[in-house]
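Note sheet for the following structure.
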Amino acid sequence: MNHMKGNELRWLRILLLVALAVPCHTHGDSPALNETWPNWRGPLSNGTSPSARPPIRWSESENVRWKIQLPGAGHSSPIVWGHRVFVLTAAPIGEAKPAVHDSAPGVHDSVPVTHVHEFRVTALNRTNGATLWSKVVCEEWPHEGGHTTGSQASASPVTDGERIYAFFGSRGLYCLDFNGTVLWTNHLGKMSTHHAHGEGSSPVLHRELLIVNWDQEGDCFIRAFHKVTGREVWKTKRDEKTSWSTPLVIECDGKSQVVVAATKRVRGYDVDTGHEIWQCAGLTDNVVASPIYHKGMLVTGNSYYVQAMMGIRVSGARGDVTGSEHVAWKLGRLTPYVPSPILYGDRMYFVRHNQNVLSRLDPQTGQFLGEPLRLEGIRDFIFSTPVGAGGHIYVTGRDGSTVVLRHDEKNEIVSLNQLKDSFSATAAVAGSEIFLRGERFLYCVAAP
């Protein structure tokens, strides 16, 4: 009996030591996958949440758990982890000064800069929207104003559950802990964008690396930093021009690649070394939409001067695969411009240009699944990427309206919801909530 008690005590001590050795997250327990939206386009980086169940109906007086005014503008998406929601903003401060209007001759849709801006990372209580902390990481006079429909904070943050990574482009790359302390900073230079239309590519995390793409009207590159130290791990030059798409990390042939869609070429790089593996031409100018990946098929498309979309078989791709058997299919109509496609199950959804027409496609064959759907009720451009959760597709327009459709064979519209704001940022869905970031407010929509 005493021998048994001694063994029990010994095992209890071992279990206690093991428990103490496990890292604790002071910001809350590690949430399940459906409770997070850790980066732009969600936990699967395809625009969907695997098991979130947000509401399908709301208005200013229905199913809005909280609504807060943000400390500045921005088109970056909110991200969600545990009990926190993180959002990036940029706001003019101080007195107005003579305008700086850096744009190409004849271009009239860029904004003159008249103020110093403060660039801020804010953490909010997920339950009630209360500000937990708000950190100004930089105060600077922007050298470009961006497009009239853009913002100075368009890149979305990303988190690994322990740190937040905020990319303000020409204003720097910042790593903060969950208490708002800046752990490291990297300044990548000043970006010169096409027609001074602004910056927008978001950073991505892969294991220990934080990857940033830098396409502009000058020297272009893609860089990887160690996420804990900020140390540069690799940097690869790119023969490109301004693009706004966000890199996508995929798994193929037993290795990880990071793929970037851009005007001259879509390119795949070895994540560990930055070495270019393959490239493929076929898109047109001003690439904004980011690709999706499904069962070995990379689908990328855009729409500016020309409508273009293609499916690329990545397995075995080496060198320039333009015109080769790796290009499985091409499409020349109904393709997206600003909003990216999303992948829900085996089906891909995307809007036409920035318009209220939704198409459904088999990503393996490029074949349409039914006729395009007119999203009646959206009367302005669509800049935000659709999101999918709970068997539904959510498409939000700049006029404050969100059309919700069933994710099934018929894709019937089930609701049209209206809020009193303008929305360009992609929504975040996590748990039972959908977070909608407008020009003025951040909404948490959740059923009671």
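Annotations
Yes/no per residue for (1) touching a Leu at 6+ places or on another chain (Cβ under 8 Å); (2) among the basic types (Lys, Arg); (3) assigned to a strand (DSSP E or B):
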site: GLY42; (1), (2), (3): no, no, no
site: PRO50; (1), (2), (3): yes, no, no
site: PRO55; (1), (2), (3): no, no, no
site: TRP66; (1), (2), (3): no, no, yes
site: SER77; (1), (2), (3): no, no, no
site: ALA91; (1), (2), (3): no, no, yes
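Here's the yes/no breakdown for (1) outside any loop (DSSP other than H, G, I, E, B); (2) of a type outside the set (Asp, Glu); (3) modelled with pLDDT under 95:
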| residue | (1), (2), (3) |
| --- | --- |
| GLU325 | no, no, no |
| TYR349 | yes, yes, no |
| GLN355 | no, yes, no |
| GLU371 | no, no, no |
| THR385 | no, yes, no |
| ILE393 | yes, yes, no |
| VAL404 | yes, yes, no |
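A quick yes/no check of all residues on (1) surrounded by fewer than 23 Cβ atoms within 10 Å (Cβ to Cβ); (2) among the acidic types (Asp, Glu); (3) within 16 Å of SER151 (Cβ to Cβ); (4) touching a helix residue (DSSP H, G or I) at 6+ places or on another chain (Cβ under 9 Å):
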| position | (1), (2), (3), (4) |
| --- | --- |
| LYS410 | yes, no, no, no |
| ASP421 | yes, yes, yes, no |
| GLY431 | yes, no, no, yes |
| ALA447 | yes, no, no, no |
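- Within the option set ARG171, ARG120, ARG126, ARG207, being under 21 Å from the mean Cα position of the chain (by Cα), basic (Lys, Arg) and surrounded by fewer than 21 Cβ atoms within 10 Å (Cβ to Cβ) holds for one residue only, ARG207.
- Among the conditions (1) surrounded by fewer than 18 Cβ atoms within 10 Å (Cβ to Cβ); (2) modelled with pLDDT under 95; (3) under 18 Å from ASP399 (Cα atoms), ALA73 misses just one, which is (1).
- Residue that is surrounded by fewer than 18 Cβ atoms within 10 Å (Cβ to Cβ), hydrophobic (A, V, I, L, M, F, W, C), touching a strand residue (DSSP E or B) at 6+ places or on another chain (Cβ under 6 Å) and over 15 Å from ASN46 (Cα atoms), where the choices are LEU331, LEU375, LEU369: LEU369
- Residues of region 122-147 classified as over 18 Å from SER77 (Cα atoms), touching a Lys or Arg at 6+ places or on another chain (Cβ under 7 Å) and assigned to a loop (DSSP other than H, G, I, E, B), total: 1
- Here PHE221 meets each of (1) among the aromatic types (Phe, Trp, Tyr); (2) under 19 Å from ASN39 (Cβ atoms); (3) surrounded by fewer than 23 Cβ atoms within 10 Å (Cβ to Cβ) with one exception, condition (2).
- Among the residues of region 68-86, those that are of a type in the set (Val, Ile, Thr) and within 19 Å of the chain's Cα centre (by Cα) comprise ILE79, VAL80, VAL85.
- Scanning region 296-318 finds one or more residues that are in contact (Cβ under 8 Å) with a residue 40 or more places away in the chain, more than 20 Å from PRO386 (Cβ to Cβ) and in contact with a Phe, Trp or Tyr (Cβ under 6 Å, 6 or more places away or on another chain).
- In region 223-256, of all residues being of a type in the set (D, E, K, R) and in a strand (DSSP E or B), the one that is nearest to ALA153 (Cα to Cα) corresponds to ARG223.
- Checked against (1) under 19 Å from CYS280 (Cα atoms); (2) of a type in the set (Lys, Arg); (3) not in a strand (DSSP E or B), LYS330 passes all but condition (3).
- Any hit, region 435-442, residues being within 14 Å of LEU358 (Cβ to Cβ) and assigned to a strand (DSSP E or B): no
- Residue check for GLY198: under 30 Å from LYS97 (Cβ atoms), out of contact with any strand residue (DSSP E or B) (no Cβ under 6 Å at 6 or more places or on another chain) and surrounded by 24 or more Cβ atoms within 10 Å (Cβ to Cβ): no
- Within this structure, THR159 fails the test of being at pLDDT below 95, under 18 Å from the mean Cα position of the chain (by Cα) and either among the β-branched types (Val, Ile, Thr) or under 26 Å from THR273 (Cβ atoms) (or both).
- Within region 406-434, being closer than 18 Å to PRO341 by Cα, free of Cβ contacts under 8 Å to residues at least 60 places away in the same chain and in a strand (DSSP E or B) holds for one residue alone: ARG406.
- When each of ALA289, ALA308 is tested for being surrounded by fewer than 24 Cβ atoms within 10 Å (Cβ to Cβ), small (Gly, Ala, Ser) and closer than 19 Å to LEU334 by Cα, the lone residue that passes is ALA308.
- Answer from SER303, SER359, SER340 - the residue that is buried (at least 23 other Cβ atoms within 10 Å of the Cβ), under 20 Å from THR48 (Cα atoms) and out of contact with any Cys (no Cβ under 7 Å at 6 or more places or on another chain): SER340
- Where a residue in region 46-68 is more than 11 Å from ALA446 (Cα to Cα) and its partner, wherever it lies, is crowded, with 17+ Cβ neighbours inside 10 Å and of a type in the set (Lys, Arg), with Cβ under 6 Å and at least six apart: GLY47/ARG41
- Residue check for LEU283: in contact (Cβ under 8 Å) with a residue 40 or more places away in the chain and of a type in the set (A, V, I, L, M): no
Yes/no per residue for (1) farther than 23 Å from LYS135 by Cβ; (2) touching a residue at least 24 places away in the same chain (Cβ under 8 Å); (3) under 17 Å from the mean Cα position of the chain (by Cα):
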position	(1), (2), (3)
THR185	no, yes, no
HIS194	yes, yes, no
SER201	no, yes, yes
GLY218	yes, yes, no
ARG223	yes, yes, no
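The values are calculated or read from the model by the stated rules, or taken from the named source; none is laboratory data. Predicted model, so just to flag it, every value in this text is computed and none were measured. Positions of Cβ are backbone-derived with ideal geometry, glycine not excepted, and every protein chain shown enters the neighbour counts.
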